[in-house]
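S.K.: Shown below is the structure under consideration.
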Amino acid sequence: MSILYLYITIFTIYYLILAIAGIKGEKKFRDKYTSQDYNICVVVYATGEAETLENLVKQLKNQNYPKNRYVIYVVLDKVENPPEYIFQSDLDINVININNLEPIGKSQAYSILAEKLSEVPNLDAYIFMDAKNYVDSDFILNSNFYLTKHDVFMPFINYIGEYKDLTFWDCVKVTYSRYISKFIYSARTKLGLTNLINTDTFVIKRNLLNKIGSFDFKDKISETNYTLKLAKENISAAFVNDVKIYREVSNYDSRIPSLSKRCEIFWQNWTKCANFKSYEYICSLIAPNWLICFLVYLLLLYQTYNFSSIRVLWLFDVNYSFILISSILLILAFCMSLFNSGIYAKEHIYLFAYPVYSIGHIIRNFPPIRGIINFIKRSKHKHNIEKMVTNVIVTDGKNDYQCQIELISDDGLARVRFINHGKSYTTKNNHLRMVDALRELSIKLNDYGLSLKICHCCKFFQPIVDGSTNMVTGCCKCEFQGRVQGDIIPTLVWNTCPNYEKENVVNLF
């Protein structure tokens, strides 16, 4: 009980400090003049349909910032029907078109481009952003001003559009995201603390990027780990409310990792932190929501009122009155945070519903309950499942190992099961194409220093789109000895041969 009291008390003090820091409004700079104009590289990442890409590029070309001080790079990662004018000769836009079998992802695209530009002289900072955003004419001008104050920062994402197009729980997540940005992140920035990197849009100085190294933004957890990496270097990722981007509310994407993942990061790193900034950041990952705070204080009040005071660390006793005062202070801090965040009155109901959503999400994903839900779904629906097992080779760079993969088509959705000495691993996601499932398996094996030696991962493999969604065929381009010139050798994505060479993604550019 004493540990529970210490946990909630530390959080109460932390939240009260944030509320007090947020009382003083952010200083608005009407004149963004600065004696230094940074040379900025704006990198726009687009994948899929990228409907807003054309509009964003036009907005970036018409910025109130010296034209000779910024350059625009557009990375088209398997974009469907990109705007034709982007491929036309335009000195203001540098287009990198990646037309691979499947998207390589934002993380790899950013890393390769940053490495490509690492030797370019007179480049001071990067602005990385998704194509689904909109910006105003002062976006780069404002970013330049705040680069004089921060090494890395995230603009405020202002969601536009009607909430009526969203479900109730989507409205809850959007409102919570606004509250976190406008209050938590803003107050933490004022206190010099670091905030979670949002890879949808962020600004970073080039010298810092070169120091930290390449990106690893596979998911929300990798964003958290990258933020921790910055904190260990005593660098704070700031949040700047005065620099805004705009996005359709229908494109909302929650950037907050689940509680279980945050707790996992805490336990992995709490003994490895080198400074106060990094230690404070991992502690902030396990902050409770208001419903947990309410239940904990209710339990402590019940304990001290009906039984006895709580002995804390064998040093002093805490009675009912002291806990009651602490709970009142937390309530006052929360009321102050509502005022500081500036969210609309109609959004309060969504904000209060977020802890219910969060706890419900945890309960739903608790292994026994998740298993029951999946069993019920499977029992109600008869799946059309097709399977095929084939032998493959996995290598660690020195030795080759004979293994098996099972290609699974479940109602047209593809999964892959990797089998080795009786043990198996099945890809977590369902994919429309088998090659995407194989890509997920390859990434998982790469985490263990292993490579899957199949034609799909070979640099000589040329896909042939035959209209099917699962079993994508292709041909071999390897110029081996004795090959007839012009001969087409058909192959499948799971075949392999002694001429296998791992595909080098850099060659895509």
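Read-outs: derived from the displayed coordinates by stated rules, not from any lab. All values derive from a computational prediction rather than experimental measurement. A quick note on method: Cβ atoms are made from the backbone with ideal geometry, for glycine too, and the neighbour counts reach across all protein chains shown.
S.K.: Given that compact globular proteins tend to follow 2.2 N^0.38 Å, what is the ratio of the alpha-carbon Rg of the range 291-407 to that value?
M.R.: Compactness ratio reported: 1.96.
S.K.: To the nearest 500 deg cm²/dmol, what mean residue ellipticity at 222 nm is calculated for the chain from DSSP H runs of n ≥ 4 alone, each contributing -39,500 (n - 2.57), summed and divided by the residues?
M.R.: Taking each H run of at least 4 residues, the total per residue is -12000 deg cm²/dmol.
S.K.: Under 13 Å from the Cβ of Val135, count the other residues' Cβ atoms, weight Lys and Arg +1, Asp and Glu -1, and hand me the total.
M.R.: +1
S.K.: Here's a follow-up. For the charge dipole of the chain, defined by +1 on Lys and Arg C-beta atoms and -1 on Asp and Glu C-beta atoms about the Cα centroid, which residue among Asn319, Ser236, Val57 has the Cα displaced farthest towards the positive pole?
M.R.: The Cα lying farthest towards the positive end belongs to Asn319.
S.K.: Starting from the amide H of Leu413, placed 1.01 Å from N in the peptide plane, find each other amide H under 5 Å away whose residue is 5 or more places distant or on another chain.
M.R.: So Leu413 has HN proximity to no qualifying residue.
S.K.: Quick one: putting +1 on the C-beta of Lys and Arg, -1 on the C-beta of Asp and Glu, what dipole do you get for the range 251-324 around its Cα centre, in Debye to the nearest 20?
M.R.: So the magnitude is around 180 debye.
S.K.: Additional query: Within the range 401-438, report the trypsin sites (Lys or Arg not before Pro) that DSSP leaves as loop and that have at most 10 other Cβ atoms within 10 Å.
M.R.: Listed in order of number, the matching sites are Lys428.
S.K.: Over 40 Å, how big is the tail of the calculated P(r) for the chain, in percent of all Cα pairs?
M.R.: Within the chain, distances greater than 40 Å cover 34 percent of Cα pairs.
S.K.: Turning to a different aspect of this structure: What is the calculated FRET efficiency for Ala287 to Asn64, with r their C-beta to C-beta distance and R₀ = 45 Å, to the nearest 0.05?
M.R.: 0.70
S.K.: Let me ask another. Among the trypsin sites (Lys or Arg not before Pro) in the range 327-409, which ones are in a DSSP loop with at most 10 other Cβ atoms within 10 Å of the Cβ? Mind listing them?
M.R.: Those that pass, being in a loop and sparsely packed, are Lys382, Lys398.
S.K.: Angle between the Cα long axis of helix 367-380 and the longest principal axis of the chain, 0 to 90 degrees, nearest 10?
M.R.: Roughly 50 degrees between the two axes.
S.K.: Sticking with this structure for a sec: Cα to Cα, under 13 Å, and not fewer than 8 places away if on the same chain: which aspartates and glutamates meet these conditions relative to Lys173?
M.R.: Asp253, Glu347
S.K.: So what's the angle, to the nearest 10 degrees on a 0 to 90 scale, between helix 320-341 and the longest Cα principal axis of the chain?
M.R.: The helix 320-341 is inclined about 60 degrees to the chain.
S.K.: Hey, another quick one. Quick one: Karplus J couplings for the range 59-68, per residue in order, coefficients 6.51, -1.76, 1.60, θ = phi - 60°, nearest Hz, x for Gly and Pro?
M.R.: My calculation for the range 59-68 gives 5, 5, 6, 10, 8, 7, 8, x, 4, 7 Hz in order.
S.K.: Additional query: Report the relative contact order of the chain, percent, no decimals, based on alpha-carbon pairs under 8 angstrom and at least 6 residues apart.
M.R.: Computed over the chain, the figure is 13 percent.
S.K.: Can you grab the distance from the C-alpha centre of the range 406-444 to the C-alpha centre of the range 126-146, Å, no decimals?
M.R.: 39
S.K.: Where in the range 111-182 are there GluC sites (Glu not before Pro) that are in a DSSP coil and have at most 14 other Cβ atoms within 10 angstrom of their Cβ?
M.R.: Glu119, Glu162
S.K.: Moving on. Would you please give the FRET efficiency between Tyr401 and Ser222, computed as 1/(1 + (r/R0)^6) with r the Cβ-Cβ distance and R0 = 22 Å, to the nearest 0.05?
M.R.: 0.20
S.K.: By a straight-distance test (C-alpha under 23 Å), which lysines pair with Lys453 as possible cross-link partners, with residues fewer than eight away in the same chain excluded?
M.R.: Lys453 reaches Lys218, Lys387, Lys398, Lys423, Lys428, Lys444, Lys477, Lys502.
S.K.: Angle, helix 168-179 long axis vs. longest principal axis of the chain, Cα atoms, 0 to 90°, nearest 10?
M.R.: Helix 168-179 and the main axis of the chain meet at about 70 degrees.
S.K.: So if we plug the beta-carbon distance of Glu280 and Asn99 into 1/(1 + (r/R0)^6) with R0 = 45 Å, what FRET efficiency do we get, rounded to 0.05?
M.R.: That pair, Glu280 with Asn99, gives E of 0.50.
S.K.: Placing +1 at every Lys and Arg Cβ and -1 at every Asp and Glu Cβ, with all other atoms neutral, what dipole size does the chain have around its Cα centre, in debye to the nearest 20?
M.R.: Approximately 1360 debye in magnitude.
S.K.: What do you get when you divide the Cα radius of gyration of the range 48-179 by 2.2 N^0.38 Å, with N the number of residues?
M.R.: Cα Rg divided by the expected 2.2 N^0.38 Å: 1.18.
S.K.: In the range 165-193, which residues have a backbone nitrogen under 16 Å from the label point lying 7 Å from Ile349's Cα in the Cα-to-Cβ direction?
M.R.: Under cut-off, by backbone N: 165-176.
S.K.: Tell me which lysines have Cα within less than 27 Å of Lys58's Cα, excluding those fewer than 8 residues away on the same chain?
M.R.: Lys32, Lys67, Lys78, Lys106, Lys116, Lys132, Lys205, Lys244
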